[in-house]
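Engineer: I'd like to ask you about the structure that follows.
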Amino acid sequence: MWKVKRMNTARIVVLTIAVGAGGIAAYLASGSDQAAPAAPAAQMQTVEILVAKSDIGLGQSVKSDDMQWQSWPASTASNNFISRASKPDAVKEITGTIARAPFIAGEPIREQKLVRADGSGFMAAILPRGFRAISTEISPETGAGGFILPNDRVDVILSKREKNPDRAGADVVSSEIIMTNIRVLAIDQAPKEKDGSSTIVGKTATLEVKPEQAETLARSRQAGTISLALRSIVDVNAIEKVEEQIKRGESLNIVRYGVAIPQTMQK
């Protein structure tokens with residue numbers, strides 16, 4: 001009897017110690033959570049940048065409703081962006097300018113892509129300094145089947161039909177590249193493709209050229225037929241070997257009867 005009572009007492013003591021240890025552990029755990037709260041997340045520094053509120057098309061006059069101030073990460077804000085801190089009246093100053101290149105909604109407004117018309121027409125406003133706009137007649141046959149769109153790059157080809165002194169009654173047809181990597185400003189009166197169309201069949205193409213190139217094109221239109229060859233978008237910025245040959249007066253290959261014949265070009 002005494003042994004049984006002694007064993008029950010020992011069990012009660014062990015159980016009491018276990019419960020007490022568990023309570024102390026729970027208290028310490030709750031205390032440690034309160035003593036070490038989570039560190040607050042660092043706030044990212046931002047600046048207010050002027051962006052396009054909606055899409056702005058090429059040649060479109062910019063209105064105040066087309067722009068808005070938007071928070072932008074300060075670490076990625078370019079010096080070309082317009083910040084509210086540096087130009088608080090930017091919306092008023094930019095209103096009325098013309099977009100020389102399109103903006104998409106949310107894109108930062110950059111002054112390099114804007115120009116003030118100051119009473120001039122749209123085409124005069126979007127022309128880069130020192131360049132001229134000149135038009136030439138085209139057809140589906142001479143304009144790449146209508147696949148040439150505004151802002152594409154083309155090579156200008158002159159084709160001439162001449163009398164062959166060596167063969168009576170047979171004309172000689174020659175073709176030569178007179179200008180390379182020329183930007184198309186418009187097809188007819190359309191400075192951009194309409195409704196996402198992949199083709200524009202027009203009667204005239206307006207090209208962006210230098211003054212001396214305008215003279216060359218004007219003479220060439222009287223000498224023969226002008227054709228436009230569409231360039232790939234990947235080689236727009238490639239080194240223009242043909243243009244350099246023309247500048248240096250080196251020989252080019254002229255096609256006569258399907259045979260390439262070297263010929264010296266004069267600038």
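Engineer: Is it true that residue 230 is within 19 Å of the chain's Cα centre (by Cα), under 22 Å from residue 174 (Cβ atoms) and modelled with pLDDT of 85 or more?
Structural biologist: Yes, satisfied.
Engineer: Applying the selection to the stretch 117-129, what residues are exposed (fewer than 12 other Cβ atoms within 10 Å of the Cβ) and either modelled with pLDDT of 90 or more or not small (Gly, Ala, Ser) (or both)?
Structural biologist: Scanning the stretch 117-129 gives 118, 128, 129.
Engineer: May I ask you to say which residue of 92, 53 is surrounded by fewer than 14 Cβ atoms within 10 Å (Cβ to Cβ), free of Cβ contacts under 8 Å to residues at least 60 places away in the same chain and among the basic types (Lys, Arg)?
Structural biologist: Just a single option satisfies the conditions, and that option is 92.
Engineer: Here's something else I'd like to know. Name, by its number, the condition in (1) within 21 Å of the chain's Cα centre (by Cα); (2) surrounded by 14 or more Cβ atoms within 10 Å (Cβ to Cβ); (3) closer than 21 Å to residue 187 by Cβ that does not hold for residue 110.
Structural biologist: Tallying (1) within 21 Å of the chain's Cα centre (by Cα); (2) surrounded by 14 or more Cβ atoms within 10 Å (Cβ to Cβ); (3) closer than 21 Å to residue 187 by Cβ, residue 110 fails exactly one: (3).
Engineer: Continuing with the same structure: Restricting to the stretch 114-157, name every residue that is assigned to a helix (DSSP H, G or I) and more than 22 Å from the chain's Cα centre (by Cα).
Structural biologist: Once the filter is applied, which keeps residues that are assigned to a helix (DSSP H, G or I) and more than 22 Å from the chain's Cα centre (by Cα), the stretch 114-157 yields 144, 145, 146.
Engineer: Might you let me know whether the stretch 158-178 holds any residue that is within 23 Å of the chain's Cα centre (by Cα), part of a strand (DSSP E or B) and surrounded by 15 or more Cβ atoms within 10 Å (Cβ to Cβ)?
Structural biologist: The answer is no; no qualifying residue exists.
Engineer: I've got another one for you. Can you tell me which residues in the stretch 79-93 are in contact with an Asp or Glu (Cβ under 8 Å, 6 or more places away or on another chain) and within 16 Å of residue 56 (Cβ to Cβ)?
Structural biologist: Once the filter is applied, which keeps residues that are in contact with an Asp or Glu (Cβ under 8 Å, 6 or more places away or on another chain) and within 16 Å of residue 56 (Cβ to Cβ), the stretch 79-93 yields only 82.
Engineer: While we're looking at this one, here's another question. Suppose we keep only residues that are surrounded by 13 or more Cβ atoms within 10 Å (Cβ to Cβ) and in a loop (DSSP other than H, G, I, E, B) within the stretch 193-217. Which one would you say is modelled with the lowest pLDDT?
Structural biologist: 193
Engineer: Could you check the stretch 159-189 and list, in sequence order, the residues that are modelled with pLDDT of 90 or more and of a type in the set (Lys, Arg)?
Structural biologist: Of everything in the stretch 159-189, just one residue is modelled with pLDDT of 90 or more and of a type in the set (Lys, Arg), namely 183.
Engineer: Within the bounds of the stretch 139-152, is there any residue that is out of contact with any Pro (no Cβ under 8 Å at 6 or more places or on another chain) and at pLDDT 90 or above?
Structural biologist: no
Engineer: Moving on to the next point. Would you check which residues across the stretch 218-232 are in a loop (DSSP other than H, G, I, E, B) and in contact (Cβ under 8 Å) with a residue 24 or more places away in the chain and list them?
Structural biologist: The answer is 224, 231.
Engineer: Turning to a different aspect of this structure: May I ask you to list the residues in the stretch 56-83 that are free of Cβ contacts under 8 Å to residues at least 24 places away in the same chain and polar (S, T, N, Q)?
Structural biologist: The answer is 68, 76, 79.
The values are calculated or read from the model by the stated rules, or taken from the named source; none is laboratory data. These numbers come from a predicted model, not from an experiment. In this analysis, Cβ positions are derived from the backbone assuming ideal geometry, glycine residues included, and neighbour counts consider all displayed protein chains.
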